[in-house]
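Participant: Can you read through this structure? Questions will come right after.
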Amino acid sequence: MTGETETNGHSLASEQSTSLATSGERLDEPRLQGADAVVADLRLLLRGVTLPWRDLGGSLGGPGPGAPAEMVHLRVSPAVADQVQAFGRLVITDRENSPVGRVTGATIEHRDGETWVKGLPEPSDRSETAQDGLGDADSVVRAGKDPLVVICQRPLLRAEVVALRSQTDAGVDLRIIVPDAGPTPDHMPHQVLRRCLERAVPHIPTASWPIAWRGHDSDHALARATATAMGASRLQLLDNEHPQWRELVADLHRSGDSPVRDVVSADTWAELTRWRPPRLRRGLVVFFTGLSGSGKSTLARMLVEHLEDVGDRNVSLLDGDEVRRLLSSDLGFDRASRELNIERIGFVASEIARGGGIAVCAPIAPYALSRAAVRERVAAVGDLVLVHLATPLAECERRDVKGLYARARAGLIKDFTGVSDPYETPSDADLTIDTGQHAPRTSLAVLLEYLCLGGWLSPQRTRDEGVGLTTMDPKERP
């Protein structure tokens, strides 16, 4: 909960202040909202897992630890480092700003031009771990059991269901672990994975563990460390590299169907197609990027008008200027502000896609990392089509009815993309259009054909609206 709520003449904020003071925590001690992998690693540590790396949120192959085994490292900003030096500790919170744990006995070190906190991890006074104990790992170890731990990056195939049932029939103690610190490597939400597993093997208990995936070797090392913490010497990691699963999920992402669907149970298939329905019904984000004056707003509005005419789904336009005015009026144009603006657009667009709608976004989005973050966010709930309007800078300046380029070149506007701030040309664009070479209606036809070939739009309904489709090379099919 944010803000202050009045209850019987006393504010919730004052009650929290009293509670924190009683628990030993101070309201002014430094806090850091950790990235998902950082929070997941800390939660694993507090469950008794010995991480395969020292950097919270790290991975195999990182820089040398340079600290005793019980210590951890966490990258921070210089401002946070100054606070940590004053207090000697740092509270780490999750996305909702709830305390997860803290680093105590903290010192500051510098590595490769970055600032790091080094210290001992322990539960925060108000964290779930502090209140509820160590959970599954502790109970398994105390019981002296040696279960077969199955950690899942994907649903079970039919043959694996049969094998697990035979194991339980033989008296093997099976534990199925659902990592819940983010989506699977195939961007499947962990809630979908859990439903698939519970419907495939309802007789085998499942448990959630805070595992965040980050790459093949690191994933395998993290799975082994988790199984060891559970007191298990036997581990089966159902990774997402199984050939049959790769074929199925590739088909599912492309069309929402697969000729190899029988490799999973009917119940699992039903869950998968709820997550990834056919593209005509799947949430979609069409994300334009390009210089100011490249034609993003014009083409985005034309696309929205067409989709509203031919489709039966909700369509929303998130135009760059309107978003700046309505959602991001508090932001400037420095890099951090631009990245936060795109993060906000990505969040709204993903929520539209989650509901099966279509979001059309038209910001400049000059930075590759910001665009990649939007794609990653959308991938769990729908599809993203990145359209780069590669209109040359000279043409954009020629069209500049607002006089922005002239003011930027005169030094009157700072951090102007293409003049005093860089535009990172997309290397991962799904479609590239130079609107300097095509009339707006022709550019729209190129985009609509791409969406039709990809299965997101009906070609017949598009032709019925009188839009002449081009003859895109079949090799360019999405």
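Participant: Filter the stretch 29-43 down to the residues that are more than 20 Å from the chain's Cα centre (by Cα) and open to solvent by less than 50 Å² (accessible area, probe 1.4 Å), then identify the one that is modelled with the highest pLDDT.
Facilitator: P30
Participant: Hey, among the residues in the stretch 400-416 that are open to solvent by 40 Å² or more (accessible area, probe 1.4 Å) and more than 18 Å from G332 (Cα to Cα), which one's modelled with the lowest pLDDT?
Facilitator: Here the answer is V401.
Participant: Within the stretch 176-189, work out how many residues are outside any loop (DSSP other than H, G, I, E, B) and open to solvent by 50 Å² or more (accessible area, probe 1.4 Å).
Facilitator: Qualifying residue count for the region: 0.
Participant: Out of the stretch 256-294, which residues are among the aromatic types (F, W, Y), free of Cβ contacts under 8 Å to residues at least 24 places away in the same chain and open to solvent by less than 10 Å² (accessible area, probe 1.4 Å)?
Facilitator: None - no residue of the stretch 256-294 is among the aromatic types (F, W, Y), free of Cβ contacts under 8 Å to residues at least 24 places away in the same chain and open to solvent by less than 10 Å² (accessible area, probe 1.4 Å), so the list stays empty.
Participant: Go through the residues of the stretch 169-179 one by one and say whether even a single one is touching a Phe, Trp or Tyr at 6+ places or on another chain (Cβ under 7 Å) and not polar (S, T, N, Q).
Facilitator: Yes - at least one qualifying residue is present in the stretch 169-179.
Participant: Among the residues of the stretch 308-318, is there at least one that is among the basic types (K, R), surrounded by fewer than 18 Cβ atoms within 10 Å (Cβ to Cβ) and modelled with pLDDT under 95?
Facilitator: Yes: the stretch 308-318 contains one or more residues that are among the basic types (K, R), surrounded by fewer than 18 Cβ atoms within 10 Å (Cβ to Cβ) and modelled with pLDDT under 95.
Participant: Mind counting the residues in the stretch 230-255 that are part of a strand (DSSP E or B) and either surrounded by 16 or more Cβ atoms within 10 Å (Cβ to Cβ) or touching a helix residue (DSSP H, G or I) at 6+ places or on another chain (Cβ under 6 Å) (or both)?
Facilitator: 4
Participant: How many of the residues making up the stretch 417-445 are open to solvent by 30 Å² or more (accessible area, probe 1.4 Å), part of a helix (DSSP H, G or I) and touching a strand residue (DSSP E or B) at 6+ places or on another chain (Cβ under 7 Å)?
Facilitator: Here the count works out to 0.
Participant: Do the conditions hold for R407, that is, is it closer than 23 Å to D309 by Cβ, assigned to a helix (DSSP H, G or I) and more than 31 Å from the chain's Cα centre (by Cα)?
Facilitator: no
Participant: Could you run through the stretch 345-373 and say how many residues are open to solvent by 10 Å² or more (accessible area, probe 1.4 Å) and either within 13 Å of the chain's Cα centre (by Cα) or within 20 Å of Y423 (Cβ to Cβ) (or both)?
Facilitator: Qualifying residue count, the stretch 345-373: 9.
Participant: Pairs, please: C-beta under 9 Å, at least 6 apart or cross-chain, first residue in contact (Cβ under 8 Å) with a residue 60 or more places away in the chain and farther than 19 Å from A221 by Cβ and in the stretch 145-159, second open to solvent by less than 20 Å² (accessible area, probe 1.4 Å) and of a type in the set (D, E, K, R)?
Facilitator: P155/E271
Participant: Right, something else. Does S297 satisfy the condition of being open to solvent by less than 50 Å² (accessible area, probe 1.4 Å), within 16 Å of Y367 (Cβ to Cβ) and of a type in the set (G, A, S)?
Facilitator: no
Participant: Okay, next question. Examine the stretch 73-93 for a residue that is farther than 16 Å from P30 by Cβ, in contact (Cβ under 8 Å) with a residue 60 or more places away in the chain and either acidic (D, E) or out of contact with any helix residue (DSSP H, G or I) (no Cβ under 7 Å at 6 or more places or on another chain) (or both), and state whether such a residue exists.
Facilitator: Within the stretch 73-93 (the criterion being farther than 16 Å from P30 by Cβ, in contact (Cβ under 8 Å) with a residue 60 or more places away in the chain and either acidic (D, E) or out of contact with any helix residue (DSSP H, G or I) (no Cβ under 7 Å at 6 or more places or on another chain) (or both)), the answer is no, since none of the residues qualifies.
Participant: Tell me whether the stretch 446-460 contains one or more residues that are part of a strand (DSSP E or B) and either more than 20 Å from the chain's Cα centre (by Cα) or at pLDDT 95 or above (or both).
Facilitator: Looking through the stretch 446-460, none of the residues is part of a strand (DSSP E or B) and either more than 20 Å from the chain's Cα centre (by Cα) or at pLDDT 95 or above (or both).
Participant: Please specify each residue of the stretch 301-353 satisfying the condition of being closer than 21 Å to V381 by Cβ, part of a helix (DSSP H, G or I) and touching an Asp or Glu at 6+ places or on another chain (Cβ under 8 Å).
Facilitator: Of everything in the stretch 301-353, just one residue is closer than 21 Å to V381 by Cβ, part of a helix (DSSP H, G or I) and touching an Asp or Glu at 6+ places or on another chain (Cβ under 8 Å), namely A353.
Participant: Identify, from the list V192, V172, V150, V141, the residue that is over 19 Å from D36 (Cα atoms) and modelled with pLDDT of 95 or more.
Facilitator: Residue meeting the stated conditions: V150.
Participant: Another question about this same structure. Being at pLDDT 90 or above, open to solvent by less than 30 Å² (accessible area, probe 1.4 Å) and small (G, A, S) is the filter here, so list the residues in the stretch 75-129 that pass it.
Facilitator: A81, G88, G101, A106, G119
The values are calculated or read from the model by the stated rules, or taken from the named source; none is laboratory data. Everything numeric here is computed off the predicted structure, so don't read it as measured data. Positions of Cβ are backbone-derived with ideal geometry, glycine not excepted, and every protein chain shown enters the neighbour counts. Just the protein is used for accessible areas: all its heavy atoms, side chains included, with ligands, DNA and RNA removed. Shrake-Rupley method; radii C 1.70, N 1.55, O 1.52, S 1.80 Å.
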